[in-house]
Every structure is written in C-alpha cells, then in structure tokens.
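Here is the structure we will look at.
The values are calculated or read from the model by the stated rules, or taken from the named source; none is laboratory data. Small disclaimer: the values here were computed from a predicted structure and weren't measured. All Cβ positions, even for glycine, are placed from backbone atoms using ideal geometry, and neighbour counts span all protein chains on display. Quick note on the areas: whole protein, heavy atoms, side chains included, nothing else; ligands and nucleic acids left out. Shrake-Rupley method; radii C 1.70, N 1.55, O 1.52, S 1.80 Å.
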Amino acid sequence: MKKQSQKVRFQKFVKDLERISTKHGIAIQSVGGVYIFDEPTTITYDKDHTSGDLLPSWDE
C-alpha cells in the first residue's frame, strides 16, 4: 500500500474536520499550528471548553 502524501492526508483531514465542525457547530481557527506525523499516533486534546484553547498531546 502506497503511503499518502502530507498534502493528501491534510486535505482528507480538513474534509472530515468540516463534517464534524458542521455537525457540532464548533469551528477551529488555527494559523501555523499543524503537526503531521509520519506514523499513526494516538492524539488527545485538553477538554477545557472555557479557555477556547485546543491543545493536543501525544507520546513522543
């Protein structure tokens, strides 16, 4: 199986993000804050809705 390029993976991610943003009525504004990993990685987010921050964490 051929590995997809970062561009293709990002485009697919944005498509899914648009779907869930529309479903839940939540939009994310991000400038320069994208990490693209080489391998599948478990990623979690801080769940504090009061701050407006969306902070990811993962094992390195």
task: Just give me the residues in the stretch 13-27 being in a loop (DSSP other than H, G, I, E, B) and either in contact with a Ser or Thr (Cβ under 7 Å, 6 or more places away or on another chain) or surrounded by 10 or more Cβ atoms within 10 Å (Cβ to Cβ) (or both), in sequence order.
output: Ile26, Ala27
- request: May I ask you to verify whether Thr22 is of a type in the set (Ser, Thr, Tyr), in contact (Cβ under 8 Å) with a residue 12 or more places away in the chain and out of contact with any Leu (no Cβ under 8 Å at 6 or more places or on another chain)?
  value: no
- prompt: Restricting attention to the stretch 28-42, which residues are open to solvent by 70 Å² or more (accessible area, probe 1.4 Å) and closer than 23 Å to Lys3 by Cα?
  reply: Val34, Tyr35, Asp38, Glu39, Pro40, Thr42
